[in-house]
1. P(r) for the stretch 169-282: what percent of alpha-carbon pairs falls in each 5 Å bin, starting at zero?
2. What is the distance, in nm, between label points placed 7 Å from the Cα along the Cα-to-Cβ direction at residue 66 and at residue 361?
3. Which whole number in µm²/s is D for the stretch 282-380 by Stokes-Einstein, with the Kirkwood Rh taken over Cα pairs at 4 °C and 1.567 mPa s?
4. Evaluate the Debye formula for the stretch 174-241 with equal point scatterers sitting on the alpha carbons, no solvent, and hand back log10 of I(q)/I(0) at q = 0.16, 0.27, 0.29 Å⁻¹, in q order, two decimals.
5. Among rounded, prolate and oblate, which fits the stretch 197-343 when a ≥ b ≥ c are the square roots of the eigenvalues of its C-alpha gyration tensor, a/c under 1.5 means rounded, and a/b larger than b/c means prolate?
6. How much of the calculated P(r) for the stretch 303-354 lies past 16 Å, in percent of all Cα pairs?
7. Any idea what the relative contact order of the stretch 234-380 is, in percent, if you count C-alpha pairs under 8 Å spaced at least 6 apart?
8. How far apart, in nm, are the 7 Å Cα→Cβ label points at residue 194 and residue 326?
């Protein structure tokens with residue numbers, strides 16, 4: 001957690017790798033890069049986990065080849081036996097913390113294999129909290145155990161905001177390099193926004209009936225009070241019976257617009273977001289940071305986000321609502337947040353030139369770190 005008011009600042013903890021020691025005074029840049037002892041004509045090979053994730057694709061530097069090995073939706077790089085037998089096929093492992101479908105013992109076995117093979121591990125921490133909801137206690141505990149194991153093994157740790165870096169230092173004793181979340185997609189020029197249209201995507205009702213009901217109740221009352229209307233999207237295969245009671249009836253009565261949709265990539269997500277004045281992010285889209293905030297930023301759509309995270313560190317133009325990890329979203333708080341979001345002028349779409357420069361800078365940092373840890377591996 002962040003330091004409490006009146007609490008003395010935490011002592012600076014020692015960095016945990018050679019690369020981190022070069023970042024003690026500047027979390028966002030590297031001052032030196034060592035050329036790995038490898039064929040300079042061969043691209044540096046990075047195994048991304050999970051493969052094909054939009055963030056990992058967005059930060060992949062030019063000249064870096066992703067070695068994706070997925071089976072049944074899970075990266076086989078998480079199999080200690082596969083990692084051990086294929087360690088010579090990659091130069092770096094890059095894992096997004098929170099995306100490990102492994103039990104605690106399996107994570108321990110995997111991190112042991114990482115250390116044994118010597119493949120350098122780079123970890124980017126997007127979420128420090130884990131799943132929300134009254135039944136998510138075991139999943140949150142597993143998430144914290146994964147973080148402990150990953151951060152104890154990683155050569156370099158990244159995160160997206162200074163506040164999250166402070167939490168990582170306080171909880172886990174690691175120095176995190178702070179890099180901005182890059183743009184994920186450009187807006188479609190011929191798609192216009194409906195003023196005061198509020199969007200809420202409930203997916204397959206991962207928030208549960210009670211959480212989804214609170215989200216619909218707060219977003220609907222806020223949209224109406226703000227002079228707008230609510231559009232609720234659900235996954236095309238979602239069972240409406242698993243969602244909030246009365247959702248279909250509200251749609252039939254014309255009190256909200258109910259649609260089935262599921263954007264398949266960042267470009268289609270931004271295109272859908274461009275139609276909205278405000279987008280409400282359910283808690284499961286990310287409690288610490290969120291790619292959806294960046295999609296909203298690209299689209300020029302104000303994001304209403306669950307409180308308690310560091311979304312405002314990603315983009316200042318967000319509005320937070322109350323969301324308790326145990327009891328879920330607070331409908332009254334969400335109502336107020338939606339009204340506040342609607343009564344402000346809609347944000348402009350992101351400056352494409354500046355976003356391109358930002359993404360290039362982020363990729364350069366990752367390129368330097370990849371090269372450095374790969375060089376350190378060959379020097380051992």
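Nothing in this text is a laboratory measurement; each read-out follows from the coordinates by a stated rule. Remember, it's a predicted structure, so these values are computed and weren't measured experimentally. Note that we place each Cβ from the backbone using ideal geometry, even for glycine, and neighbour counts take in every protein chain shown.
1. 2, 11, 18, 20, 16, 12, 8, 7, 4, 2, 0
2. It is 2.4 nm.
3. For these conditions, the coefficient is 83 µm²/s.
4. Rounded to two decimals, the profile gives -0.79, -1.12, -1.19.
5. Working: a/c = 1.30, a/b = 1.21, b/c = 1.08.
Taking the square roots of the gyration eigenvalues as a ≥ b ≥ c, the stretch 197-343 is rounded.
6. 47 percent
7. 16 percent
8. Here the answer is 3.9 nm between the modelled labels.
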